Amino acid sequence: MTAQIISGTEVAKAIRAELAVQVDELREKHGVVPGLATVLVGENPASVSYVTAKGKACQELGMRSLQYTLPAETSEEDLLKLVDELNHNPEVHGILVQLPLPKHVDENKVLYAIDPNKDVDGFHPVNVGRLLIGEELFPPCTPAGIQELIVRSGTPTDGAEVVVVGRSNIVGKPITAMLLQKKPGANATVTICHTRTRNLAEHTRRADILIVAAGKAKAITAEMVKPGATVIDVGVNRIGFTESGKAKLVGDVDFEAVKEVAGKITPVPGGVGPMTITMLMKNTVRAAKLRL
Ligand SMILES: NC(=O)c1ccc[n+]([C@@H]2O[C@H](COP(=O)([O-])OP(=O)(O)OC[C@H]3O[C@@H](n4cnc5c(N)ncnc54)[C@H](OP(=O)(O)O)[C@@H]3O)[C@@H](O)[C@H]2O)c1
């Protein structure tokens, strides 16, 4: 049996429709327009396209988008000054500083300067700590999107064996913390694997839910997956080139082979990717509600 495809594009569309209703309600009942400030330093093409997509998503939902594009040579001091202004700007509910920052800027210093109540990316240590103790304000966007895909695809998490491949601070560690909470949509038994894990396949084959964020094309093959498992592929890898000269986008999972074994699977592109910006919008709406 071929696996059911979990479409992140469709789930994201449904969540955005729910958010649009909430944005209308905030404006009509309270005169509040949720505002997201994005700060981009330099002209890294990937960062420019992420920031553009975030601004567009805000506009589509009737939210306010304030975009700050600064030259690559902007000093750390000037950047900290801007963050401070945004912390105090009542029109701004969420602040996102697009990473990576130029080498002469201490990234952590800038991220830690963001008011935790406006930290819609969820990277401030206060919000990381809150997540761990189950009192999150803003769950980080990619893991939050993964959890939504699991829950909305009807995959039970209660008591499930979850195996996460990858231990990064932006995906692996936070999704592990989220799925082990004593809460609906969580309550799982979670194992986290990395490059020092002995016999990776032994772990992945036990997983009812397998989440892969390794950044390695075909890191997960069909033999490594339990029949019927739900497989969430977070990886984004550019391999080879298509006839038009563009790189091909693939995940970390050997999709064609694994879809013949898994019960449900996310594609790349069109899986986790579209969820990330949507969860940023969700966190910004939440920030506006929390302010009220
Ligand atoms: N779609 C989205 O919105 C989105 C968002 C974020 C990231 N991503 C993608 O997700 C992937 C992971 O990114 P990331 O930033 O979370 O991770 P990362 O910082 O690149 O780290 C990769 C992690 O995977 C582990 N790993 C790598 N190869 C492995 C292997 N063969 N077996 C077991 N573990 C392995 C590494 O172990 P060690 O710690 O031992 O080195 C590390 O913990 C990338 O492709 C990235 O582009 C997508």
- How about segment 156-181: which of its residues are more than 13 Å from the chain's Cα centre (by Cα), within 14 Å of the ligand (Cβ to nearest atom) and buried (at least 23 other Cβ atoms within 10 Å of the Cβ)? Val163, Val164, Val165, Gly166
- Note on the structure: Picked from segment 196-212 (must be open to solvent by 20 Å² or more (accessible area, probe 1.4 Å) and touching a Lys or Arg at 6+ places or on another chain (Cβ under 9 Å)), the residue nearest to Asp254 (Cα to Cα) is Arg205
- Message: Within segment 66-84, does at least one residue satisfy the condition of being open to solvent by less than 10 Å² (accessible area, probe 1.4 Å) and within 15 Å of the ligand (Cβ to nearest atom)?
- Response: no
- Could you list, in sequence order, the residues of segment 182-198 that are within 11 Å of the ligand (Cβ to nearest atom) and polar (S, T, N, Q)? Thr195, Thr197
- Of the residues that make up segment 128-138, is at least one more than 17 Å from the chain's Cα centre (by Cα), open to solvent by less than 60 Å² (accessible area, probe 1.4 Å), of a type in the set (A, V, I, L, M, F, W, C) and within 30 Å of Glu85 (Cβ to Cβ)? no
- Item | Output for segment 255-287, where each listed residue is within 13 Å of the ligand (Cβ to nearest atom) and open to solvent by 30 Å² or more (accessible area, probe 1.4 Å) | Val268, Pro269, Gly273, Pro274, Thr276, Ile277
- Message: Anything in segment 221-252 that is of a type in the set (A, V, I, L, M, F, W, C), more than 9 Å from the ligand (Cβ to nearest atom) and within 23 Å of Gln4 (Cα to Cα)? List them, or say none.
- Response: Ala222, Met224, Val225, Ala229, Val231, Ile232, Leu249, Val250
- Message: Please list, ordered by residue number, the strands (runs of 3 or more DSSP E) wholly in segment 173-264 having 1 or more residues that are within 24 Å of Ala46 (Cα to Cα).
- Response: 209-212, 230-233, 237-241, 247-250
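The values are calculated or read from the model by the stated rules, or taken from the named source; none is laboratory data. Just so it is clear, the structure is predicted and the values come from calculations on it, not from any experiment. Ideal geometry is used to build each Cβ from the backbone, glycine not excepted, and the neighbour counts take in all protein chains shown. Surface areas here come from the heavy atoms of the whole protein model, side chains and all, with no ligands, DNA or RNA. Shrake-Rupley method; radii C 1.70, N 1.55, O 1.52, S 1.80 Å.
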